[in-house]
Structures are given as structure tokens and as C-alpha cells.
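Structure first, then comments.
The values are calculated or read from the model by the stated rules, or taken from the named source; none is laboratory data. Remember, it's a predicted structure, so these values are computed and weren't measured experimentally. Cβ sites come from the backbone with ideal geometry, for glycine too, and all protein chains shown count toward neighbours. Quick note on the areas: whole protein, heavy atoms, side chains included, nothing else; ligands and nucleic acids left out. Shrake-Rupley method; radii C 1.70, N 1.55, O 1.52, S 1.80 Å.
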Amino acid sequence: MAKNDVKVLGAWPSPYVMRPRIALNIKSVNYEFLEETFGSKSELLLQSNPVHKKIPVLIHGDKPICESMIIVEYIDEVWTSGPSILPSDPYDRAIQRFWAAYVDEKWFAAMRGLRSAQGEERKAFLDQVTEGLALLEEAFGKCSKGKAFFGGDRIGLLDIAFGSFLGWLKVTEKVNGVKLLDEAKTPGLVKWAERFCADAAVKNVMPETEKLLEFSKVLAAKMKGAPPPKN
């Protein structure tokens, strides 16, 4: 398939955009990455995702597919010659989908809230993030069955869902002066995170922490209506 037959609409800082890019890399699919400009939406994006008007969008031929985890599952189903992303066992698939939904709906929501919270609210969000990591540490032990990833020997659905947030987790640690992934409390996740970020499918799409930190400052300033910070 020609490179231009597969396109990803997205932006480099987005953890959700990382997901289809990692999945395509796992499957060794060549694709064109079309970078959206921060603060605006291209005509192609609006045409491709008229309901949510959000990135990422996978365009396969002339067919747009939206929502990051739906895209990952689509990629797994379409390009069957590469390594499988979802487990073959229905129960294992259900468990990975459950935890992927938890990461999006509960855990990352708490981490995002931590960025701007103060006082007691900040403590509540921090507790939620920490408790979530303890739950994910336990889930890693069960899902991995003693192997390198949530998906076993290779990166799977839950690895992609959770791993895409590791860059922002590091930024959150720096901004708040806390250690969230702690060798003493979550040793399995610490080693998993190192393996995930070093994997060939991930390392070229995982944003550098400092670059992501600078972007977060610009984003925070824009949300407050203030001029962006100078380097």
C-alpha cells in the first residue's frame, strides 16, 4: 500500500495521537503524519471528524476513522500480518479494554486536574493519581503474567493506552515536584515504562520531556489569556 493511502491527522504533544502512530509502527505500516496547527482546525480535520472535530483521525484510503482507541483496534483488525495488539483470548481482551477505559476516564482525568488544582483539591487529585497507579501496578502483574508488557512479550492495547501518557506524567512530576512512578511503590510500572519508551515502535513518537514541558507552559498561558513564557 502506498504511503499516501494511510494518513494520521494529529499534533505531536497529544497522547491520543501517539496511540495510532504506535499501532501503525507495530504493524510496520508506512503512513503520512499531517500535523495540525495548535489553536486551529484544518478543513481536512473538520471534514474527517465533523462530530467531535478532534484529533486524532486515521484516514485509510478515503475513509476517516476517529477516536484513538477505536483507531488502534481498527489498525489491529486491518493489518493482520503484523504482531497482534489485542489478546486472542476474549477474557484477556475484555480486561485490557476495561483498564484502557479506566486510564482515560478516571486516571488521566485526575492527572489533568492536578495541573491546575490548589490546596485540598490538589491533594485529592494527587491521591487519585497515586491510588490509580497502585491499581495499575496490580493490573500489570496480572495482565503481563510475568512478562515485559501488559500485552505479554509485546506491546498490546493497554500498553498503548497507558503508555501514551508517560510523557505528560513526567511533566506533571516536574511541575508539581512529586514522584508519581516510584521504584518503592510501583516497581513493575517503573521497569515497564523504561521498556515501553525504549521500544522501536514508541521511541520516535514519544515527546521529549523538556519539549513537552515548554509546550505545557504555552498551553497554560493560553488558557489563562496571558502571553506565553519566554525562554
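See the values below:
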item: Span-like helix ranges in the chain, DSSP H, alpha carbon extent 20 angstrom or more, Kyte mean at least -0.5; result: 119-144, 209-224
item: Accessible area expressed per residue, the stretch 1-119, with surrounding protein chains retained (probe 1.4 Å, Å²); result: 52 Å²
item: Convex hull volume per residue for the stretch 11-98, taking Cα atoms only, in Å³; result: 108 Å³
item: Cα centroid of the stretch 34-54 to Cα centroid of the stretch 159-200, whole Å; result: 29 Å
item: Greater than 31 Å apart at Cα, pairs in LYS142/LYS170; LYS191/LYS211; LYS53/LYS191; LYS53/LYS170; LYS41/LYS147; result: LYS53/LYS191; LYS41/LYS147
item: Per-residue SASA entry for GLU214, accessible area with 1.4 Å probe, Å² rounded to 10; result: 70 Å²
item: Nearest-10 value in Å² for the accessible area of LEU212, using the 1.4 Å probe; result: 0 Å²
item: Protein-only accessible surface order, largest first, of ILE70, ILE95 at 1.4 Å; result: ILE70, ILE95
item: Over the chain: Rg over Rh, Cα atoms, Kirkwood Rh; result: 0.96
item: Fraction of accessible area attributable to carbon and sulfur, the stretch 91-230 (%, probe 1.4 Å); result: 54 percent
item: Distant-in-sequence amide H partners of VAL6 (H built 1.01 Å from N, under 5 Å); result: GLU32, GLY61
item: For MET69, solvent-accessible area (1.4 Å; no DNA, RNA or ligand), Å²; result: 30 Å²
item: Restricting the stretch 46-131 to trypsin sites (Lys or Arg not before Pro) in coil, as DSSP defines it, with at most 15 other Cβ within 10 Å; result: LYS53
item: Choice from PRO207, PRO50, PRO15 showing the highest fluctuation, given a GNM over the chain with Cα pairs closer than 10 Å; result: PRO50
